[in-house]
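Engineer: Pasting a structure here, questions to come.
The values are calculated or read from the model by the stated rules, or taken from the named source; none is laboratory data. Because the structure is a prediction, the values reported are computed rather than measured. Note: ideal-geometry Cβ built from the backbone for every residue, glycine included; neighbour counts use all protein chains shown. For the accessible areas, the whole protein counts, side chains as well, though only heavy atoms, and no ligand, DNA or RNA atoms are used. Shrake-Rupley method; radii C 1.70, N 1.55, O 1.52, S 1.80 Å.
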Amino acid sequence: MRPVDTIHRSITTDTVLKRQRMISTPWAISADDLAAELQTDAETGLTSAEAEKRLAEHGPNQLEDKERAHALRLFLGQFANLMIGLLVVAGVISAVLGDWADSILILLIVLANAVIGFLQEWRAEESLNALMNMTRPSCRVWRDGALTERPVVDLVPGDVIDLAGGDFVPADARLASASNLECDEAPLTGESLPVDKTVAALPAETVLPERTSMVFSGTAVLRGKGHAIVTTTGMNTELGTIASLLGRTEDVQTPLQKRLTQLSRQLAVIVLAICLLIFVVGVLREPSGAWTSKLFTDMLMVAVSLAVAAIPEGLPAVITITLALGSQKMAARNAIIRRLAAVETLGSVDIICSDKTGTLTQNRMTVVELLPGRDDDEGIRELLVAGALCNDAAASAEGDWIGSATETALLRAAAESGLDVAKLRASQPRLDEIPFSSERKRMAVLYIGEHMAALYPGEGGTHRVLVKGAAERILARCRHVRQRDALIAMDDAQQTIWEDKLRRLTERGYRVLALAERSWPAATFAEFDEDPETNLCLLGLVAINDPPRPEVKLSIAECRSAGIRPVMITGDHQVTASAIAESLGLRTESDAVINGGELERMTDDELREKVPQVSVFARVSPEHKLRIVQAYQSQGHVAAMTGDGVNDAPALKQASIGVAMGITGTDVAKGAADMVLADDNFATIVAAVEEGRVVYDNIRKFVGYLLTANTGEILAIVVAILAGFPIPLLPIHILWINLVTDGLPALALGFERGEPDIMKRRPRRQRESLFSGGLGTQIFVFGTWMGLSSVILFKLMLLDVGLFTMPADESQKIDYARSMVFLVLAMSQLFYVLALRSSKQTLWELGVWSNWRLAAAVALGAALQIAILYVEPLQKVFHTQALSLRDLAVGLIVSATSFVFLECWKLIQRTRAAIAGSSAETH
Ligand code: ATP
């Protein structure tokens, strides 16, 4: 056992010390004794005031946060880059050699670059934190005598928490009550089998995996219910001790981030090689052959500035921001992202496997038809009574019904028919139960039933079993049907009659439950050795309607045009499921329906062959979902899968996008999911897919822009050097262009809205290259053009054949020509980014201000560029000359060529597509 004082580090006062010491083995004392020690009430919990006091004393119930990257460290990290280091060194050398004005400016630009890099990374962190906060868990805790829902971080020792199947245990706690409670403690102990929990006190030396009277933070409740007194919170829990042993969790990069980090490394190597080449050729080529230190530092500055400008080291941070931005937009549309990688995976989803109830339908169930065995009012009443008794839903203090929608529908129907449900239940206390589960699709309860002996003579019944469940399964277990005062045998004829009734109801899309009873000779199920759910007597059928969500039909149509196949997975009857699937447009005549039984008989290979044609899986159990998702994945599909229960967790983990229900979902399902739907709505998944596609598009635009710009800059210098021209750009020019273009406009591209056809394209294949669809060619063509056009202008100006207003003074000519190159390279990029906003629509169609951030960034960049050419003090620092109006016009026209070309290209492509489309129609 660990020494007490290492367990409880947050102890402050003597009394607390005493209290904490007493509970170092809470599993060894009774819950009541523990409650007394912790000065709490095992039933009603703490008061809010006391809880607040304890919170101040013990601190929040959370594992120590990963220390936030310290701002200063983040900032200094920007300089921990070989190239920046070299640049600073080169700057210092050239300052020593006398060029100090240049050096200062270079250092300032480096600083500005670092600030931008810092802000980008800071923002990326902030957005990640915001993401974490959105998924903050809550738990049910007794405060001031009432059961309340509170954030897990607020828990304190002495709090009384309520636990049920599907919950995560929020803190270490001693059980005060437990009924059929089973926990999965694998995260803590590695034990993969469920652990049965009870309230019995254990010997003090019991080891952790055997402390069955305790529940532990971070483990999950699989089934059953109970309540428990919190003993330790935060880092003092067992999980906390492990967490501090294991240290911090690593940040995981999304696949795209990994690919881009790799890409920027590869580009770095290429750029470095080119810069080395520039440096060597630049030095060797010096006509005078005088290898002065100035020549060396000048060339070094050019080469290093180029390396700094052209290596896209900020790429991963900007990707994080763009992904995080996407996740915020998704949150605004009710899809809460739990893992950033999901944002990009969503863009390539091509299968959405969705639960029916609550996701495709409204989960507003109403009883629409009652078909009792005995065809009179008494029969209906009997059915309603049975439905109200064999039922776990209850009335809340506010007068609503709480529980599953199926069960509340039954209670509502009973109450509306005039039954007093509370009184009925009080008069018939439940003696035993076999709870409902999605696997069994039925439940049974036991009551005293004195009249049973007369109804079922010869069976010795003193008690009554009521069973409710999926109709066809209950029918198969019935031996009789109740009619008026007689029983009739469930023979083939009766079976057919009831199956017909069932079919008629399911064809209308209703969920149909059957209610049945039998007599039982004992006060518990265990006492009599027979299956209580066999030899039943049918009381009747209840049809429940759950209307489809109206918006889902549209979303399904949208899925289809977006190349995504929606698939329904439901526990409901095959015919009910098909009827609803058809009404939603989810299923067509040719689509197959598979039910759980068939699925069980299929091998994995058979299932894999079959899944492409299936649109409805009916009467399946949660564990089938894992096989279904695997079958799709083995076909190369990217499948999203929804779920809400504990048993859905494996399938949610396996799915490319696990989607948990925010309202009806359990903690465990949410914990396993990549995305949580705040409104449980299928349409939200489709909205998230759309946002995912937008994010990917924007990342492509952004990468395309950055790489085109860098190609242009590098080519301008490489071509000039190889052709024996003077260097067309000074280091400050290169750095400045990089600052103005890579910074704001590139970031603003992340705010671009989706293209109008975004949900009309096929999903992107997951392995698809970022540069597919012509992006690589585009980068090459426009980068080359930007580089070449500026070098050609440069050479023409230096030739001085009367095309340009060159200054008379020979020494100023080169600066004048460089000013032109500087202008053209910077402005081409600013124009170009405007054309990149959409791959189909022109800037005029989009509206210049529809992405105001980008418009503002471009306007600011252009204004600064002009100022650098025309404002005298700036001319001095940047070594620029004022271009004549005519030359300025020529420069701007050349800069605009890429923009104009790209815009025309879009129009040509569109016309071609339209012609192809109309000729396809006429054929
Ligand atoms: P879906 O899978 O479409 O989201 P669901 O999750 O509501 O539906 P389950 O709860 O697994 O599906 O229910 C499966 C079947 O079990 C239902 O079709 C119904 O016949 C039966 N059933 C559902 N709830 C109960 C209940 N409380 N008592 C008895 N039987 C039930």
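Engineer: If a residue has to be away from the ligand (no atom under 13 Å from the Cβ), part of a strand (DSSP E or B) and either out of contact with any Lys or Arg (no Cβ under 9 Å at 6 or more places or on another chain) or small (G, A, S) (or both) to count, how many in region 337-368 make the cut?
Structural biologist: Selection size over region 337-368: 1.
Engineer: Could you look through region 327-336, keep only residues that are open to solvent by less than 10 Å² (accessible area, probe 1.4 Å) and at pLDDT 90 or above, and pick out the one that is nearest to the ligand (Cβ to nearest atom)?
Structural biologist: Filtering first and then ranking leaves A335.
Engineer: Sticking with this structure for a sec: Which residue, of I734, I792, is of a type outside the set (K, R), within 26 Å of V281 (Cα to Cα) and open to solvent by 20 Å² or more (accessible area, probe 1.4 Å)?
Structural biologist: On the way: I734 fails: open to solvent by 20 Å² or more (accessible area, probe 1.4 Å).
Only one candidate qualifies: I792.
Engineer: Next question, about the same structure. Does E499 qualify as being loosely packed, with under 14 Cβ neighbours inside 10 Å and within 16 Å of the ligand (Cβ to nearest atom)? Give the steps one after another, and end with the answer.
Structural biologist: Working: loosely packed, with under 14 Cβ neighbours inside 10 Å: yes; within 16 Å of the ligand (Cβ to nearest atom): yes.
Criteria met by E499.
Table: residues versus (1) in contact (Cβ under 8 Å) with a residue 40 or more places away in the chain; (2) surrounded by 21 or more Cβ atoms within 10 Å (Cβ to Cβ); (3) of a type in the set (D, E); (4) within 16 Å of the ligand (Cβ to nearest atom).
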site: R601; (1), (2), (3), (4): no, no, no, no
site: D604; (1), (2), (3), (4): no, no, yes, no
site: S621; (1), (2), (3), (4): yes, no, no, yes
site: Y632; (1), (2), (3), (4): yes, yes, no, no
site: G636; (1), (2), (3), (4): no, no, no, no
site: A640; (1), (2), (3), (4): yes, yes, no, yes
site: G643; (1), (2), (3), (4): yes, yes, no, yes
site: T664; (1), (2), (3), (4): yes, no, no, yes
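Engineer: Find the residue count for region 376-404, including only residues that are over 22 Å from L431 (Cβ atoms), open to solvent by 20 Å² or more (accessible area, probe 1.4 Å) and part of a helix (DSSP H, G or I).
Structural biologist: 4
Engineer: Please find, within region 423-471, the residue that is nearest to the ligand (Cβ to nearest atom) out of those that are open to solvent by less than 70 Å² (accessible area, probe 1.4 Å) and of a type in the set (D, E).
Structural biologist: The selected residue is E439.
Engineer: To continue, here is another question. Consider only pairs whose beta carbons are under 9 Å apart and that are at least six residues apart or on different chains; among these, list those whose first residue lies in region 454-469 and is on the phi > 0 side of the Ramachandran plot and in a loop (DSSP other than H, G, I, E, B) and whose second residue is open to solvent by 10 Å² or more (accessible area, probe 1.4 Å) and more than 16 Å from the ligand (Cβ to nearest atom).
Structural biologist: The qualifying pairs are G460/A453; G460/P521.
Engineer: Can you work out which of the residues in region 516-532 that are free of Cβ contacts under 8 Å to residues at least 60 places away in the same chain and closer than 17 Å to R473 by Cα is most open to solvent (accessible area, probe 1.4 Å)?
Structural biologist: Within region 516-532, the match that is most open to solvent (accessible area, probe 1.4 Å) is D531.
Engineer: If R265 satisfies all but one of (1) of a type in the set (K, R); (2) in contact (Cβ under 8 Å) with a residue 60 or more places away in the chain; (3) over 20 Å from G787 (Cβ atoms); (4) open to solvent by 70 Å² or more (accessible area, probe 1.4 Å), what's the number of the condition it fails?
Structural biologist: Unmet for R265, out of (1) of a type in the set (K, R); (2) in contact (Cβ under 8 Å) with a residue 60 or more places away in the chain; (3) over 20 Å from G787 (Cβ atoms); (4) open to solvent by 70 Å² or more (accessible area, probe 1.4 Å): (2).
Engineer: Of the residues in region 795-835, how many are among the polar types (S, T, N, Q), over 27 Å from P756 (Cβ atoms) and assigned to a helix (DSSP H, G or I)?
Structural biologist: Counting residues in region 795-835 that are among the polar types (S, T, N, Q), over 27 Å from P756 (Cβ atoms) and assigned to a helix (DSSP H, G or I) gives 4.
Engineer: For the structure I just gave you, tell me whether N535 is more than 16 Å from the ligand (Cβ to nearest atom), closer than 22 Å to V512 by Cα, open to solvent by 10 Å² or more (accessible area, probe 1.4 Å) and touching a strand residue (DSSP E or B) at 6+ places or on another chain (Cβ under 8 Å).
Structural biologist: Yes; evaluated as a whole, the condition is true for this residue.
Engineer: Starting from residues that are closer than 17 Å to N681 by Cβ and small (G, A, S), keep the ones in region 549-561 and report whichever is farthest from the ligand (Cβ to nearest atom).
Structural biologist: For region 549-561, the residue satisfying everything is A557.
Engineer: State all residues of region 472-488 that are open to solvent by 10 Å² or more (accessible area, probe 1.4 Å), touching a strand residue (DSSP E or B) at 6+ places or on another chain (Cβ under 6 Å) and away from the ligand (no atom under 16 Å from the Cβ); if no residue qualifies, say none.
Structural biologist: The answer is H480, R482, L487, I488.
Engineer: Within region 186-210, which residues are touching a residue at least 40 places away in the same chain (Cβ under 8 Å) and open to solvent by less than 80 Å² (accessible area, probe 1.4 Å)? I'd like the intermediate steps shown before the answer.
Structural biologist: First, pick out the residues of region 186-210 that are touching a residue at least 40 places away in the same chain (Cβ under 8 Å): 187-188, 199, 201-206.
Within region 186-210, L188, V199, A201, L202, P203, A204, T206 meet the criteria.
Engineer: Sticking with this one: In region 752-775, which residues are within 21 Å of the chain's Cα centre (by Cα) and either farther than 16 Å from L346 by Cα or not in a loop (DSSP other than H, G, I, E, B) (or both)?
Structural biologist: E752, R753
Engineer: Mind listing whichever residues of region 388-401 are in contact (Cβ under 8 Å) with a residue 24 or more places away in the chain and either among the charged types (D, E, K, R) or more than 14 Å from the ligand (Cβ to nearest atom) (or both)? Talk me through it step by step, then tell me what you get.
Structural biologist: Initially, region 388-401 is screened for residues in contact (Cβ under 8 Å) with a residue 24 or more places away in the chain, giving 388-392, 395.
D392, A395 - these are the residues of region 388-401 that are in contact (Cβ under 8 Å) with a residue 24 or more places away in the chain and either among the charged types (D, E, K, R) or more than 14 Å from the ligand (Cβ to nearest atom) (or both).
Engineer: Exactly one condition in (1) closer than 30 Å to V638 by Cα; (2) of a type in the set (D, E); (3) without any contact (Cβ under 8 Å) to a residue 24 or more places away in the chain is not met by E286; state its number.
Structural biologist: (1)
Engineer: Which number in (1) of a type in the set (S, T, N, Q); (2) within 14 Å of the ligand (Cβ to nearest atom); (3) in contact with a Phe, Trp or Tyr (Cβ under 7 Å, 6 or more places away or on another chain) marks the one condition that S404 misses?
Structural biologist: Every condition holds for S404 apart from (3).
Engineer: Right, V308: closer than 30 Å to G754 by Cβ and at pLDDT below 80 or not? Let's see the steps before the verdict.
Structural biologist: Values: closer than 30 Å to G754 by Cβ: no; at pLDDT below 80: yes.
So V308 does not fit the description; no.
Engineer: Can you tell me which residues in region 754-768 are loosely packed, with under 15 Cβ neighbours inside 10 Å and either touching a Lys or Arg at 6+ places or on another chain (Cβ under 9 Å) or at pLDDT 90 or above (or both)?
Structural biologist: Here is the first cut: in region 754-768, the residues loosely packed, with under 15 Cβ neighbours inside 10 Å are 756-757, 760-762, 765, 767-768.
Across region 754-768, the qualifying residues are P756, D757, K760, R761, R762.
Engineer: Starting from region 884-896, keep only residues that are touching a residue at least 24 places away in the same chain (Cβ under 8 Å), then list their pairs with residues that are of a type in the set (V, I, T) and open to solvent by 50 Å² or more (accessible area, probe 1.4 Å) whose Cβ atoms are within a distance under 6 Å, requiring at least 6 positions of separation or different chains.
Structural biologist: From region 884-896, the pairs are S884/T805; D887/T805.
Engineer: S578: open to solvent by 10 Å² or more (accessible area, probe 1.4 Å) and either within 13 Å of the ligand (Cβ to nearest atom) or modelled with pLDDT of 95 or more (or both), yes or no? Steps first, answer last, please.
Structural biologist: Details: open to solvent by 10 Å² or more (accessible area, probe 1.4 Å): yes; either within 13 Å of the ligand (Cβ to nearest atom) or modelled with pLDDT of 95 or more (or both): yes.
Yes; evaluated as a whole, the condition is true for this residue.
Engineer: Within region 61-82, is even one residue in contact with a Lys or Arg (Cβ under 8 Å, 6 or more places away or on another chain), modelled with pLDDT of 75 or more and open to solvent by 60 Å² or more (accessible area, probe 1.4 Å)?
Structural biologist: Of region 61-82, the ones in contact with a Lys or Arg (Cβ under 8 Å, 6 or more places away or on another chain) are 66-67.
Checking the rest, the ones that are also modelled with pLDDT of 75 or more come to none.
No, that holds for no residue.
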